[in-house]
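The values are calculated or read from the model by the stated rules, or taken from the named source; none is laboratory data. Just so you know, these numbers come straight off a predicted model, no measurement behind them. Counting neighbours? That spans all protein chains shown, and the Cβs are built from the backbone with ideal geometry, glycine included. The area values use the complete protein model at the heavy-atom level, side chains included, leaving out ligands, DNA and RNA. Shrake-Rupley method; radii C 1.70, N 1.55, O 1.52, S 1.80 Å.
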Amino acid sequence: MTRSLRAFKRWMRSQEIDCSDTLAFKEDDQGILVQAVCDLKEGDLVATIPKQACLTIKTSVAKELIEETGLDGSLGLSLALMFEGSLGQESAWYGYLQVLPDRECIPLVWSLEEVDALLMGTELHKIVKEDKALLYEDWKECILPLITSGSSKLDPSSFGVEQYFAAKSLVTSRAFEIDDFHGSGMVPLADLFNHKTGAENVHFSVSSSSHSDVENEDGNNDVPENNNHKASSEDAITDSSDDDQTPLEMIIVREVEAGSEVFNTYGSMGNAALLHRYGFTEPDNPFDIVNIDLELIVQWSSSSFSKRYSRARLSTWRKLDWSGCVSQNSEYFEISSQGEPQLELLILLHIICLPEETYHVLNCTQGSSGEYEKSKNILFEGTIGNLPGAQEKRREVLLTRTVCRALVALADIRESLYGPNSLQDDLNALRSCCIQERKLYHSLVLRVSERRILERLRICASRSNNRK
């Protein structure tokens with residue numbers, strides 16, 4: 001066991017964190033993992049963690065500074081983490097901070113060159129670049145003034161933009177929602193358990209004071225910020241009279257054999273979400289999806305028909321109260337891991353591809369009484385009931401030959417965003433890549449998983465087209 005791990009165990013004892021002897025810590029190239037020393041059974045309590053041992057805005061010595069500046073959410077928690085780190089051994093969390101990496105290897109802290117080279121075409125490319133710009137603005141507007149004003153006496157070397165991005169990467173990937181009083185915070189020990197989709201062994205139990213008394217599935221949430229307070233850090237870790245003192249618990253929910261790793265879960269997420277938030281991916285992730293932006297569909301439709309035609313058909317789709325998914329001012333449609341397109345996408349393509357006569361009849365239903373039911377009857381050819389198999393029948397009706405060809409064309413357009421390398425090129429690169437090359441390895445897993453979904457979409461569309 002390394003010196004930092006031994007110090008961390010001593011620190012846990014000093015903060016009355018009760019970690020069962022049935023758990024052991026192991027370090028490898030990917031960080032720290034938790035193993036079972038002996039067989040663990042469902043219901044076993046393996047750890048209790050006092051809330052005052054958690055690093056939150058309420059417990060940090062930066063509490064007053066953060067509250068005076070009006071900062072909250074993950075920005076506030078990031079500032080608290082930076083402040084405690086700047087104190088070195090004087091911080092009450094020094095023993096805990098020593099086992100944390102300087103930063104988590106999430107795309108947020110990659111260079112722009114790496115983001116462009118490794119994430120081109122993926123679900124994350126645009127999102128990460130937007131995130132980086134927004135976080136820089138947060139630092140410039142909220143933290144830089146604290147440095148330049150001189151009133152808070154913050155050391156610029158500990159609170160620069162690089163340090164903020166590093167702290168934000170740790171908060172994004174490791175913070176838990178604790179309760180209404182503390183909000184989100186860094187929870188020592190709980191954040192050492194690695195993730196495994198659908199096969200977790202341990203759950204983090206939240207106090208009943210948070211109105212939920214449920215396991216944390218997300219792993220992180222927004223939190224408020226802290227203040228430059230001259231009281232000692234030891235005072236801060238024990239002073240919180242409004243806090244419910246019920247400890248947090250780690251409870252076994254699935255048996256673990258001796259010597260096996262003990263996993264937590266961060267939720268049911270696809271590889272894009274896992275890489276974005278936690279810095280890793282999982283091969284053959286059943287929750288993977290690919291998004292097709294509405295603007296790509298408009299691009300395809302305008303090239304196949306006319307812009308006026310495309311605008312009219314899109315307008316009809318909207319008037320019938322259909323819409324796609326919306327995130328950050330972008331509208332898109334999901335393709336499942338099995339290559340199945342979102343129903344709303346099929347309806348839009350069906351309307352775009354309708355013969356003029358049928359489209360005219362559909363348009364005439366607008367403004368009439370019972371228009372929604374009439375339009376559904378036209379679109380789904382009467383298959384609008386809730387009888388067994390109705391959903392599959394509706395999809396079959398929508399998957400006309402022209403819609404199937406449209407899906408293949410959209411898959412090709414979406415695939416072109418990855419650049420000149422083929423799926424086989426990516427597969428070859430992944431086979432020869434070492435997992436220690438974290439950025440390259442996980443970006444390749446993401447690219448391959450997304451491109452395989454597009455491949456399945458083409459296959460599904462082609463099979464439907466051939467049947468018809």
- Starting from region 353-376, keep only residues that are on the phi < 0 side of the Ramachandran plot and among the small types (G, A, S), then list their pairs with residues that are modelled with pLDDT under 80 and in a loop (DSSP other than H, G, I, E, B) whose Cβ atoms are within a distance under 9 Å, requiring at least 6 positions of separation or different chains. S375/T365; S375/Q366
- Considering only residues of region 295-352 that are of a type in the set (D, E) and closer than 18 Å to L379 by Cβ, which is surrounded by the most Cβ atoms within 10 Å (Cβ to Cβ)? E344
- Message: Can you go through E64, E84, E68, E114 and tell me which one is part of a helix (DSSP H, G or I), open to solvent by 50 Å² or more (accessible area, probe 1.4 Å) and either modelled with pLDDT of 95 or more or under 18 Å from M186 (Cα atoms) (or both)?
- Response: E114
- Item | Residues located in region 148-183, provided they are more than 28 Å from L274 (Cβ to Cβ), open to solvent by less than 20 Å² (accessible area, probe 1.4 Å), touching a residue at least 60 places away in the same chain (Cβ under 8 Å) and not polar (S, T, N, Q) | L154, F159
- Message: Return the pair list, or none, for Cβ contacts closer than 6 Å from residues in region 186-200 that are in a helix (DSSP H, G or I) to residues that are open to solvent by less than 30 Å² (accessible area, probe 1.4 Å), at least 6 apart or on different chains.
- Response: A190/F204; L192/I32; L192/V34
- Query: Of all residues in region 306-341, which are in contact with a helix residue (DSSP H, G or I) (Cβ under 8 Å, 6 or more places away or on another chain) and in a loop (DSSP other than H, G, I, E, B)?
  - Reply: L320, D321, W322, S323, G324, Q328, S336, S337, Q338, G339, E340
- Query: In this structure, is S205 open to solvent by less than 10 Å² (accessible area, probe 1.4 Å), of a type in the set (S, T, Y) and touching a Leu at 6+ places or on another chain (Cβ under 8 Å)?
  - Reply: no
- Residue count for region 87-99, restricted to those that are out of contact with any strand residue (DSSP E or B) (no Cβ under 8 Å at 6 or more places or on another chain) and assigned to a loop (DSSP other than H, G, I, E, B): 4
- Task: Output yes when any residue across region 152-167 is charged (D, E, K, R) and either part of a loop (DSSP other than H, G, I, E, B) or within 30 Å of V46 (Cα to Cα) (or both), and no when none is.
- Result: yes
- Message: Quick check on region 123-147: of everything there that is under 27 Å from the mean Cα position of the chain (by Cα), at pLDDT below 95 and among the β-branched types (V, I, T), which residue is farthest from A272 (Cα to Cα)?
- Response: I143
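Within region 439-468, take every residue that is among the basic types (K, R) and touching a residue at least 40 places away in the same chain (Cβ under 8 Å) and give me the one that is nearest to F280 (Cα to Cα). Spell out how you get there, then give the answer.
Applying the first criterion (among the basic types (K, R)) to region 439-468 yields 439, 447, 451-452, 456, 458, 463, 467-468.
Among the residues that remain, those that are also touching a residue at least 40 places away in the same chain (Cβ under 8 Å) are: 439, 447, 456, 458, 468.
Details: K439: 9, R447: 13, R456: 24, R458: 28, K468: 42 Å.
Top of the filtered list is K439.
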- Message: Which of the numbered conditions does R10 fail, given that it passes all the others? Conditions: (1) assigned to a strand (DSSP E or B); (2) open to solvent by 30 Å² or more (accessible area, probe 1.4 Å); (3) not polar (S, T, N, Q).
- Response: (1)
- Could you tell me whether E249 is closer than 30 Å to L346 by Cα, within 27 Å of the chain's Cα centre (by Cα) and at pLDDT below 95? no
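Would you say L33 is crowded, with 23+ Cβ neighbours inside 10 Å, over 23 Å from G150 (Cβ atoms) and touching a Phe, Trp or Tyr at 6+ places or on another chain (Cβ under 8 Å)? Give the derivation first.
Numbers: crowded, with 23+ Cβ neighbours inside 10 Å: no; over 23 Å from G150 (Cβ atoms): yes; touching a Phe, Trp or Tyr at 6+ places or on another chain (Cβ under 8 Å): yes.
No.
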- Query: Given the residues Y136, Y96, which is the only one that is hydroxyl-bearing (S, T, Y) and buried (at least 22 other Cβ atoms within 10 Å of the Cβ)?
  - Reply: Y96
- Query: Among helices (runs of 4 or more DSSP H) lying entirely in region 389-460, which contain 3 or more residues that are open to solvent by less than 20 Å² (accessible area, probe 1.4 Å) and in contact with a strand residue (DSSP E or B) (Cβ under 8 Å, 6 or more places away or on another chain)?
  - Reply: 401-416
